[in-house]
1. Restricting attention to region 348-392, which residues are of a type in the set (Asp, Glu), farther than 30 Å from GLU302 by Cβ and at pLDDT 90 or above?
2. Which residues, taken from region 228-268, are of a type in the set (A, V, I, L, M) and either within 21 Å of the chain's Cα centre (by Cα) or at pLDDT below 95 (or both)?
3. Considering every residue within region 137-153, establish whether at least one is under 21 Å from the mean Cα position of the chain (by Cα) and in the same structural domain as LEU339 (by TED's automatic domain parsing).
4. Return the total of residues in region 52-65 being in a helix (DSSP H, G or I) and out of contact with any helix residue (DSSP H, G or I) (no Cβ under 6 Å at 6 or more places or on another chain).
5. With the structure loaded, tell me whether GLY171 is at pLDDT below 95 and touching a Gly at 6+ places or on another chain (Cβ under 9 Å) or whether it fails that test.
6. Please tell me if ASP199 is crowded, with 19+ Cβ neighbours inside 10 Å and either farther than 18 Å from TYR287 by Cβ or among the aromatic types (Phe, Trp, Tyr) (or both).
7. Given ALA46, ALA127, ALA67, which one is among the hydrophobic types (A, V, I, L, M, F, W, C) and modelled with pLDDT under 95?
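The values are calculated or read from the model by the stated rules, or taken from the named source; none is laboratory data. Everything numeric here is computed off the predicted structure, so don't read it as measured data. Ideal geometry is used to build each Cβ from the backbone, glycine not excepted, and the neighbour counts take in all protein chains shown.
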Amino acid sequence: MNPTPALTPARPHARIAVIGAGPGGLICARVLQRHGVDVTVYDLDASATARNQGGTLDMHPDTGRHALHAAGLWDAFSTLARPEGEQMRLVSRDGQVLFDAAPPQDGQGNPEIDRGQLRDLLLDSLAPGTVRWGHKLEHAEPLGDGRHRLHFAPGAPCASVDADLVVGADGAWSRVRRLMSDAVPLYTGVTFVETGLNDADARHPELAALTGSGTMMALDEGLGFVAQRNSGGHIRVYVGMRAAEDWHRQAGVDLTDPVAVRDALLARFAGWSPVLHGYITGTDTGYVNRPLFALPVPHTWEYTPGVTLLGDAAHLMSPFSGMGANLAMRDGADLAQALIDHTHTHTHAHIDDAVAAYEKVLLPRSVEAAEGAAEGIDGAFALDSAEQTLAHMTARH
């Protein structure tokens, strides 16, 4: 059931194609539809449930929360949010709590929500058929006058479509980005190995207590644990390390062998508290290797008629900004509003004006956030003592 007001009937408009059904792309589509602008979202996943959407997000006032208000979804979001998830706890390598920031009690903080819940909320708010699943973009062919023909991989329900505006919301390895930038993501020097604990309060009470209601981080000398509370009693764990991108090959570890991965991680964290080792050994979900990438800073581009970017396609950065999804959502809302304000006919002059206005705000904001993210991950996984890392992290919180 759609928990939001009815969408405004579509009015004649340029053909807008959003590539990618992440938070930014879906917010963009939702805001456009609220104002009667027709839009289609194309996503490579076979369906909305084809893959896990990841961990938890906190919605910031000027970015994610702003976008939810623009989309008319704040009340629906509030019924799902977990304000207690804002708790931030820093722990030493011997398992002692060094810093514990309780969540705000006045409702003015950054409430948390699971990524999957947020995506479902956004999908349910769109008109039926807005998202076309199973469409993996292979390349976009310029047709002149800002128009592009989108060619999808074999097997897609539609082989190609033409668009007056292509919005690249297609993430880190964006194919749309190739139309306007030669930049490619670079390895940050830090890898996360993701694991998880199910029914944590009952099955892993000591780790649940250490994690608290929000996020627990233990960081020291280029190594660390990040544990996040999710809904349903799940704790998502990231075992982080400053290491070569192919650390597992150098160590002779087969990533498909969970025992080998476990033993390799325990060896890296030798000398750390046995309690913290429990985040590795207590896994209920296995291990997933996730090297962290970011676009070069600054990442900017010259205006390209008929195409623009948002979210990770525009400003992929480390998760230590705390702003990735929030910025993507603000990007989507801002782009949609610019199109609403400027685009009244099929003429490309209006699209050009809208995108130019949007990118004038997007680019400096993205550069500032990306600089902060680079500083954040370098500080968190510096080859420093825990005291220096603590000083850096508490300054950011």
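1. The answer is none; no residue qualifies.
2. Across region 228-268, the qualifying residues are ILE235, VAL237, VAL239, MET241.
3. yes
4. Residues in region 52-65 being in a helix (DSSP H, G or I) and out of contact with any helix residue (DSSP H, G or I) (no Cβ under 6 Å at 6 or more places or on another chain): 1 in total.
5. Criteria not met by GLY171.
6. Criteria not met by ASP199.
7. ALA46
The rows are residues; the columns are (1) in contact with an Asp or Glu (Cβ under 8 Å, 6 or more places away or on another chain); (2) buried (at least 19 other Cβ atoms within 10 Å of the Cβ).
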{"residue": "GLY212", "(1), (2)": "yes, yes"}
{"residue": "GLY224", "(1), (2)": "no, yes"}
{"residue": "GLY232", "(1), (2)": "no, no"}
{"residue": "ARG242", "(1), (2)": "no, yes"}
